[in-house]
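Right, one structure below, let's go through it.
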Amino acid sequence: MEIINAFVIIGAVVVLSGLIAYLGDRIGMKMGKRRVSLFGLRPRYSSIIITIVTGILIAVLSVTILLAVYSELRQALFNINDVLTRLEYLNQELENRDQQLAAKDQELESKDQELSELQQEIEAREEEIASKEAEIEAREAEIAQKDKEIAAVENELEELTQNRDQLQNRVDELSSQREELESQIAELDNQISELEADYDELREVANQLQAGVIYYMGEDMVYQKGDVVYTDVLEGGRSEQETISALNRYLQAANEVAREKEIEVNEETGMALRLQTEDILNAARIIYNMDSGSRVIVSLIARVNVPQNDWLYANFQLYEDFKVFEQGQLISSREISAEQNSKEIETELEALLQDINEKAINQGLLPDNSGQVGSINFSQFYDLVNQVRSASGKVKVNIYADTDIWRQDRLSDNLRFELEDNSADSSAAGEVDSNE
């Protein structure tokens, strides 16, 4: 409706303006024809004045009509400063509202972030609860399994209790056989003494055969490829100067050992070893970069076969040194029946020593060229056999580390043998130290 009124008013203004223009034109034409003069001016200028007055009337009439009809236009026209002030205030208010809205948006985003973190924390808590529940179920299953094992042990204990009387009868029978076995042991001791004498003769023959074989295979060969020329333990992780000094001392000691053989020696430097500078620097770098306090086994290995009066070419082999067995640590044990004959006991003890050899190698002890880490001598071995035979029933042979055993140590030099007599009236039969 307001749009229609606006068009009506505009139409009326246009019509009135046209009518005034027409009337002004007609008046001007008549005055021109009659050559009427206004204010003493020429008719031409009088006509121009009439035209100007007509235009002014049109503008005044248009503005008057619009101001009369639209109060807002009157306010806008006569109160323009207030309107501008109001507009500026509204713009400032709008800007403040925008800032508040941005702050609200930021606060809302922060709340969303906190909500997301809370949801993640809730999920983590749920996962932790699920894990705890699974752990509780596993514990309950383990407890149930332990209950079953306890029941089985109780049943076994009951059976052992029932067998105790039978074992006691068996012990009585074995005690009656002990005197007979002791007489047999004395007889076997005499046989062992005879065997030891034969063993010395056989060893001498074996040495002669070995010397003959070496002579036959190559009498002038000083080192075979892969033979260890020199081995020592160095400390890693020290300063650069200390590492170089230690390696120099090592090379001097190795050179002294090599010069004991009939090999070529540089007369100017006195060096018998032929080493590559790159290998020496690489070995020094490895030792320097190790952890402080660590130990490294440094070996010089013959790179090729070395005949007499020829150069000794060698390579470095480095192994990290560590303690394989603690002093007093039980390395292995085996239960042996003292009722067996000497051959069977020897077989059992040899199997025990072989088991120790394999276990030591598996745990890091370095073997020699024969793949062994040491062996006890003949007299120690048969002393152990005699102790087993002098016991009764089942004898448990325990082998302990007599000292701390490192990777480069020989196992046979650091063992302690202890025997436990498992008969009912005895707890220990003896002890053999491999260092004796």
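Among residues belonging to segment 294-340 that are out of contact with any helix residue (DSSP H, G or I) (no Cβ under 9 Å at 6 or more places or on another chain) and of a type in the set (A, V, I, L, M, F, W, C), point out the one that is surrounded by the fewest Cβ atoms within 10 Å (Cβ to Cβ). By that ranking, first place goes to LEU330. Scan segment 216-272 for residues that are under 21 Å from PRO307 (Cα atoms), in a helix (DSSP H, G or I) and open to solvent by 40 Å² or more (accessible area, probe 1.4 Å) and the total you get is 5.
For ILE185, the conditions (1) touching a Lys or Arg at 6+ places or on another chain (Cβ under 6 Å); (2) modelled with pLDDT of 80 or more are fulfilled apart from (2). Filtered by the rule that a residue be at pLDDT 75 or above and polar (S, T, N, Q), segment 64-92 gives THR64, THR85, ASN91, GLN92. Considering only residues in segment 387-410 that are within 33 Å of the chain's Cα centre (by Cα) and not β-branched (Val, Ile, Thr), the one that is nearest to ASN341 (Cα to Cα) turns out to be ALA401.
Residues that are in contact with a Phe, Trp or Tyr (Cβ under 9 Å, 6 or more places away or on another chain), of a type in the set (Gly, Ala, Ser) and closer than 18 Å to GLN408 by Cα were ranked within segment 292-316; the one that is modelled with the highest pLDDT is SER299.
When SER333, SER392 are checked against the criterion of being in contact with a Leu (Cβ under 6 Å, 6 or more places away or on another chain), under 27 Å from ARG416 (Cβ atoms) and touching a residue at least 12 places away in the same chain (Cβ under 8 Å), a single residue qualifies: SER392.
For segment 365-376, a residue qualifies if it is surrounded by fewer than 16 Cβ atoms within 10 Å (Cβ to Cβ) and modelled with pLDDT of 70 or more, and exactly one does: PRO367. Scanning segment 273-302 for residues that are more than 34 Å from the chain's Cα centre (by Cα) and assigned to a loop (DSSP other than H, G, I, E, B) yields a total of 2.
With respect to the conditions (1) in contact (Cβ under 8 Å) with a residue 40 or more places away in the chain; (2) polar (S, T, N, Q); (3) loosely packed, with under 10 Cβ neighbours inside 10 Å, GLN168 lacks only one, and its number is (3).
Conditions (1) among the polar types (S, T, N, Q); (2) surrounded by 12 or more Cβ atoms within 10 Å (Cβ to Cβ); (3) at pLDDT 70 or above; (4) assigned to a helix (DSSP H, G or I), marked per residue:
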residue	(1), (2), (3), (4)
LEU38	no, yes, no, no
LEU41	no, yes, no, no
TYR45	no, yes, yes, yes
ILE48	no, yes, yes, yes
THR51	yes, yes, yes, yes
GLY55	no, yes, yes, yes
ILE58	no, yes, yes, yes
SER62	yes, yes, yes, yes
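The values are calculated or read from the model by the stated rules, or taken from the named source; none is laboratory data. Being a predicted model, the structure only gives us computed values, none of them experimental. Cβ: placed from backbone, ideal geometry, glycine included. Neighbour counts: every protein chain shown. Quick note on the areas: whole protein, heavy atoms, side chains included, nothing else; ligands and nucleic acids left out. Shrake-Rupley method; radii C 1.70, N 1.55, O 1.52, S 1.80 Å.
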